[in-house]
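Data first, discussion second: the structure below is written as structure tokens.
The values are calculated or read from the model by the stated rules, or taken from the named source; none is laboratory data. Keep in mind that this is a model prediction, so the values were computed, not measured. Every residue, glycine as well, gets a Cβ built from its backbone with ideal geometry; the counts of neighbours run over all protein chains shown. Accessible surface is based on the protein model in full, side chains and every heavy atom, while ligands, DNA and RNA are left aside. Shrake-Rupley method; radii C 1.70, N 1.55, O 1.52, S 1.80 Å.
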Amino acid sequence: MASREPDSPARRGGVYPALLRHWRHRRGLSQLDLAVTADVSSRHISFLETGRSAPGAEMVVRLATALDAPLHATNEMLRAAGHPPRFPEAPAGGDPLAPVRAVVEVMKSHHDPLPLVVMNRAYAILDLNRGAQALLTAAMADLDPDRVVAAGLNLARLTLDPEIGPRIIVNHRDVARDLLWRIHHEVLGDANDELAALHADLVRSPLVEPDWRSPDPTVPAAPSLELEVRVGPDILRFVVTVTALLAPLMVGVDDIRVEQWFAADAETARTCAQIAGDQFDAAT
């Protein structure tokens, strides 16, 4: 009698069962929890995770939505289940802001002369408005330019750099701690390679205190951040908010973040207008 290879989940269902289990475990859900959230039977979830059943495209999207999986992960699950991706993907190496460029330009101009920074989920700066360019240029005027370049155009790396962050940010301890905790939570939610690598680098900063490495998951994140920036003899005070662009449903666009700095007092607003005016009058 011919021998038979073991009937494994990988043979029966390919990669999709592993991806489904991965995202369910990441969200801390049991099969019953997921079944209730997605309004399907727990028996069906079990069959999908063992490869005994193959999901249709709509079921893949339904479960990914219940798991709050990001768009790129939903496309990965669709491919793994043998279906074409559902959400458009920008060409590799293209402008990540191209699908939303018009909207970003409007946001930039309307927020001037106060700073607005466009970045990806890994805090790499993709674009700045005139106010942000002027303020960051003024704040970093006395810093070693080689040090700034080494930190890269990345807000998180600049903040946790021991030669840059504390010299620019007056309330640095609070800002750096909250930033690291936010990134920690984002890594737990979707640890893409770039974000995970960033977090690994940041926790090695000598500025990181022991209790920053283990954030309390029960403490809710504040909707805004208080930021105090030193520019020469002046201290400018801001309330910072971060907005995610959720439409159109395109992979990459859902990773874009828009950070807006709102003046916390009239003096900060006046100084920002003066700095932006001086910087760009000099440039012309």
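Some notes on this structure:
- The stretch 132-164 and the stretch 230-279 have Cα centres spaced 16 Å apart.
- Distant-in-sequence amide H partners of residue 231 (H built 1.01 Å from N, under 5 Å): 236
- Per residue, the chain exposes 53 Å² of accessible surface when a 1.4 Å probe is rolled over the protein heavy atoms with every protein chain present.
- Inter-label distance, nm, simple model (7 Å from Cα along the C-beta direction), residue 149/residue 101: 2.8 nm
- Electrostatic bookkeeping for residue 215 treats Lys and Arg as +1 and Asp and Glu as -1; over the other residues with beta carbon under 15 Å from its beta carbon, the sum is -2.
- Its Cα gyration tensor gives the chain an equivalent ellipsoid. The semi-axes, each the square root of 5 times an eigenvalue, are 44, 21, 17 Å from largest down.
- Shape call, the stretch 152-276: gyration tensor on alpha carbons, a/c limit 1.5: oblate
- The C-alpha atoms of the stretch 33-120 occupy a region whose extents along the principal axes are 58, 27, 16 Å, arranged from largest to smallest.
- Full extension of the segment from residue 65 to residue 137, taken as 0.36 nm per residue of separation minus the current Cα-Cα distance, would add 21.7 nm.
- Contour excess over end-to-end distance, with Cα ends at residue 177 and residue 270 and 0.36 nm allotted per residue: 30.6 nm
- In plain terms, the chain from residue 230 to residue 262 could stretch by 10.0 nm, reckoned as 0.36 nm per residue minus the Cα-Cα distance.
- Helical runs assigned H by DSSP (4 residues or longer) give the chain a calculated mean residue ellipticity at 222 nm of -14000 deg cm²/dmol, each run adding -39500 (n - 2.57) before division by the residue total.
- Heavy-atom accessible surface of residue 199, to the nearest 10 Å², is about 40 Å², with a 1.4 Å probe and all protein chains retained.
- Overall form of the stretch 26-72 per C-alpha gyration tensor (a/c, 1.5; a/b vs b/c): oblate
- What a 1.4 Å probe finds exposed on the stretch 82-166 is 59% carbon and sulfur by accessible area, rounded to a whole percent.
- What you get for the chain, charging only the Cβ of Lys and Arg (+1) and of Asp and Glu (-1), is a dipole of about 1220 debye around the Cα centre.
- Classified by the C-alpha gyration tensor, the stretch 92-162 has an oblate form. Its axis ratio a/c, with a ≥ b ≥ c, is 1.5 or above, and a/b does not exceed b/c.
- Taking a sphere under 11 Å around the Cβ of residue 163 and counting the other residues whose Cβ falls inside, with K and R at +1 and D and E at -1, yields a net charge of -1.
- Net charge of neighbours whose Cβ lies under 15 Å from the Cβ of residue 109, counting Lys and Arg as +1 and Asp and Glu as -1: 0
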